[in-house]
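The values are calculated or read from the model by the stated rules, or taken from the named source; none is laboratory data. Given the structure is predicted, the values throughout are model-derived calculations rather than measurements. So basically every Cβ, Gly included, is an ideal-geometry build from the backbone, and we count neighbours across all protein chains shown.
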Amino acid sequence: MNQPRLATEKDMPRVLELIKELAVFEKEPNAVEVTIDMLQSDGFNNHPKFTCFVVEVDQKIEGMALVYMRYSTWKGEVLHLEDLIVSQSQRGKNIGTLLLDEVVRYGKSLGVKRINWEVLDWNEPAIKFYEKKGAKVMRDWDVVQLDEKGIENYLKEI
């Protein structure tokens with residue numbers, strides 16, 4: 001197993017496969033709208049919208065972590081971990097730890113005051129993993145979103 005490395009444009013087809021695998025695991029198999037082209041153009045231009053780390057096992061990407069910067073009115077710049085995904089066949093083999101370690105090192109190198117991410121409340125293995133690593137799972141906060149249709153409906157009402 002290799003150490004995490006920065007993803008390249010050529011890695012995006014496999015990264016998208018992992019994203020789709022996560023969507024199936026999270027019981028949202030048809031929710032992924034992002035494409036390889038979107039990942040390549042959004043992540044590998046003059047102003048990339050994200051940074052992605054990958055881990056390979058036997059020359060195949062088996063894990064990825066995608067992060068981007070956010071701004072906290074309390075803390076300033078914070079790093080948001082959008083997804084940390086390990087292929088189902090490779091879970092329990094330290095890939096998640098390698099990726100989280102890399103994300104934390106990256107956040108430290110950027111000088112952020114906080115790293116944020118979400119975890120589904122029913123994903124107990126992930127919650128235990130994060131808590132074991134020292135993360136605080138804030139169960140008293142709810143994620144709030146407006147999807148594309150919600151945005152349109154909202155704007156019709158104002």
Looking for whichever is touching a Phe, Trp or Tyr at 6+ places or on another chain (Cβ under 9 Å) and touching a residue at least 12 places away in the same chain (Cβ under 8 Å) here; the options are F53, F129. Which one fits? F53
Note on R70: of the conditions (1) in a strand (DSSP E or B); (2) buried (at least 22 other Cβ atoms within 10 Å of the Cβ), unmet is (2)
Within region 64-88, the residues that are within 18 Å of I19 (Cβ to Cβ), modelled with pLDDT of 95 or more and of a type outside the set (V, I, T) are M64, A65, L66, Y68, H80, L81, E82, D83, L84, S87
T35 passes all but one of (1) free of Cβ contacts under 8 Å to residues at least 24 places away in the same chain; (2) over 22 Å from K133 (Cβ atoms); (3) more than 17 Å from the chain's Cα centre (by Cα); which number fails? (3)
What are the residue pairs meeting all of these: first residue in region 94-119, first residue among the polar types (S, T, N, Q), second residue buried (at least 16 other Cβ atoms within 10 Å of the Cβ), Cβ atoms under 6 Å, and 6 or more apart or on different chains? N116/V78; N116/H80
Anything in region 29-61 that is assigned to a strand (DSSP E or B) and basic (K, R)? List them, or say none. K60
Conditions (1) modelled with pLDDT of 95 or more; (2) out of contact with any helix residue (DSSP H, G or I) (no Cβ under 7 Å at 6 or more places or on another chain); (3) farther than 22 Å from E124 by Cα: number failed by I61: (2)
